[in-house]
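Some notes on the structure that comes next.
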Amino acid sequence: MPNVFECGSVVPGCRFVAHSESRDEVLVTAIEHLHRVHEIEYLSDSIKARLRAVIREVAWEPRS
Ligand SMILES: [Zn+2]
């Protein structure tokens, strides 16, 4: 099942969404996004824990 990170769960108003089969890959993409777009240089353990908490597994939705 794909893993999805919605940045809006951490940064209200942001519409960035990352998804991948690999949970680690989603986490890496999310961290890169926070660095680049939100200019968060240092990710504390509590922020990382928050990121992990908002990554969730979803079923693929059929696109019709
Ligand atoms: Zn964002």
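We did not get these values from a lab; they are worked out from the coordinates using the rules stated. Being a predicted model, the structure only gives us computed values, none of them experimental. Cβ sites come from the backbone with ideal geometry, for glycine too, and all protein chains shown count toward neighbours.
Subtracting the Cα-Cα distance from 0.36 nm times the residue separation, let me have the gained length for Ala49 to Val37 in nm, one decimal.
Values: separation 12, 0.36 × 12 = 4.32 nm, distance 1.96 nm.
Gain on stretching Ala49 to Val37: 2.4 nm.
Modelled label positions at Glu25 and Trp60, each set 7 Å beyond Cα in the direction of Cβ, lie 1.3 nm from each other. Calculated [222 nm] ellipticity per residue, helices only, for the chain: -13000 deg cm²/dmol; basis is -39500 (n - 2.57) per DSSP H run with n ≥ 4, divided by all residues, nearest 500.
Add +1 for every Lys or Arg and -1 for every Asp or Glu among the other residues with Cβ under 12 Å from the Cβ of His33, and state the total.
Working: positive: Arg15, Arg36; negative: Glu6, Glu32, Glu39.
For residues surrounding His33, the net value is -1.
From Cα pairs below 8 angstrom and at least 6 apart in sequence, can you work out the relative contact order of the chain, rounded to a whole percent?
Details: 73 pairs, mean separation 28.4, N = 64.
This gives 44 percent for the chain.
Using the Kirkwood radius over C-alpha pairs as Rh, can you work out the diffusion coefficient of the chain via Stokes-Einstein at 4 °C, viscosity 1.567 mPa s, in µm² per second?
Details: Rh = 12.0 Å.
It comes out at roughly 108 µm²/s.
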